[in-house]
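The values are calculated or read from the model by the stated rules, or taken from the named source; none is laboratory data. From a predicted model like this one, the values you see are computed outputs, not experimental measurements. Cβ: placed from backbone, ideal geometry, glycine included. Neighbour counts: every protein chain shown. What goes into the accessible areas is simple: the full protein's heavy atoms, side chains included, and nothing from ligands, DNA or RNA. Shrake-Rupley method; radii C 1.70, N 1.55, O 1.52, S 1.80 Å.
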Amino acid sequence: MTPSHIAFIMDGNGRWAERRHLPRKYGHKMGTKTLERVVDLAAKYGVKTVTFYAFSTENWSRPQAEIDYLFTIFRIFLDEIDKYKDKDVRIRFIGNLTKLPDDIVAACDKMVAETMSNDALTVVIALNYGSWEEIASAVNTLIESGKKDVDKQDIVDALYTREIPFPDLVVRTGGEVRLSNFLLLQSAYSELIFTDILWPDFDEKAFCSVLEEYSSRERKYGGLK
Ligand code: IPE
Ligand code: IPE
Ligand code: MG
């Protein structure tokens, strides 16, 4: 079975550059090429939704120069909206966008609005995303709604991911074996794959081996199979 939704923790950009004695920003630049490649691969192999963890709520603790460079990259991505329109890709963002520079927020809104009716593939970008912040925001939304009794569906509908199916598969590149505050609730029953491949090196062969590994897994959701 092909996973319908794959979520990627795009890790290892910095190390990719450091191993080549290059500044870390070159790793981030190459990482954006991988993102584009993976969007095409997802469409080619029939994945319907792909999520990318681009900037976490904890990444603000990086040096300002690195944060600024990441924002430069986001601006370039947001400028290339036509690429995604041409590919019939719908773009969504999850995370607390209000903390980002105004021009980025405006460009994100524009991208969402202009790709809303595309349906070949949905690409979700996690920007200033962290599960704890998302849950706090959901709780505040529910408090404001005046609800006295909250069920699972209410929580699902209050998360940034509302209307996006939960990931079938979470893939982390770069060799670390942790989730780093990414989709903690949504991945409750996701399959997890950790690969040592650094994100800039993640190619079609790596993508196919992830699909193959997923198809060998047995999902049980707590039952017996
Ligand atoms: C992931 O690559 C990209 C972001 C967090 C934005 P890193 O920058 O974390 O790369 P490593 O882990 O230092 O190699
Ligand atoms: C996770 O990578 C965040 C993103 C890929 C955006 P990090 O490099 O920030 O995670 P840690 O610090 O190794 O857990
Ligand atoms: Mg990292």
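Of all residues in the stretch 59-111, those being open to solvent by less than 70 Å² (accessible area, probe 1.4 Å), out of contact with any Phe, Trp or Tyr (no Cβ under 9 Å at 6 or more places or on another chain) and aliphatic (A, V, I, L, M) number 7. All told, Tyr214 meets the bar of being open to solvent by 10 Å² or more (accessible area, probe 1.4 Å), away from ligand 3 (no atom under 16 Å from the Cβ) and touching a Leu at 6+ places or on another chain (Cβ under 7 Å).
How many residues does the stretch 137-176 hold that are within 16 Å of ligand 1 (Cβ to nearest atom), surrounded by 14 or more Cβ atoms within 10 Å (Cβ to Cβ) and of a type in the set (Gly, Ala, Ser)? Reasoning before the result, please.
Residues of the stretch 137-176 within 16 Å of ligand 1 (Cβ to nearest atom): 170-176.
Checking the rest, the ones that are also surrounded by 14 or more Cβ atoms within 10 Å (Cβ to Cβ) come to 170-174.
Now drop any that are not of a type in the set (Gly, Ala, Ser), which leaves 174.
Total meeting the criteria: 1.
Glu134 - would you say it is open to solvent by less than 30 Å² (accessible area, probe 1.4 Å), away from ligand 2 (no atom under 13 Å from the Cβ) and modelled with pLDDT of 95 or more? Criteria met by Glu134.
Within the stretch 1-25, residues that are charged (D, E, K, R) have Cβ atoms under 7 Å from residues that are open to solvent by less than 70 Å² (accessible area, probe 1.4 Å) and in a loop (DSSP other than H, G, I, E, B) in these pairs: Asp11/Thr173; Asp11/Gly174; Asp11/Glu176; Arg15/Gly174; Arg15/Leu198, counting only partners at least 6 apart in sequence or on another chain. Residue count for the stretch 6-31, restricted to those that are crowded, with 20+ Cβ neighbours inside 10 Å and more than 10 Å from ligand 1 (Cβ to nearest atom): 3.
Looking across the stretch 56-65, the residues that are away from ligand 3 (no atom under 11 Å from the Cβ) and not in a loop (DSSP other than H, G, I, E, B) come down to Trp60, Ser61, Gln64, Ala65. Of the residues making up the stretch 177-198, those that are over 13 Å from the mean Cα position of the chain (by Cα) and either open to solvent by 40 Å² or more (accessible area, probe 1.4 Å) or within 16 Å of ligand 1 (Cβ to nearest atom) (or both) are Val177, Arg178, Leu185, Ala188, Tyr189, Leu192, Phe194, Thr195, Asp196, Ile197, Leu198.
Of the residues making up the stretch 114-124, just one is open to solvent by 10 Å² or more (accessible area, probe 1.4 Å) and within 16 Å of the chain's Cα centre (by Cα), namely Thr122.
Out of all the residues in the stretch 12-27, which are closer than 18 Å to Phe77 by Cα and within 11 Å of ligand 3 (Cβ to nearest atom)? Steps first, answer last, please.
Applying the first criterion (closer than 18 Å to Phe77 by Cα) to the stretch 12-27 yields 13, 25-27.
Matches in the stretch 12-27: Asn13, Gly27.
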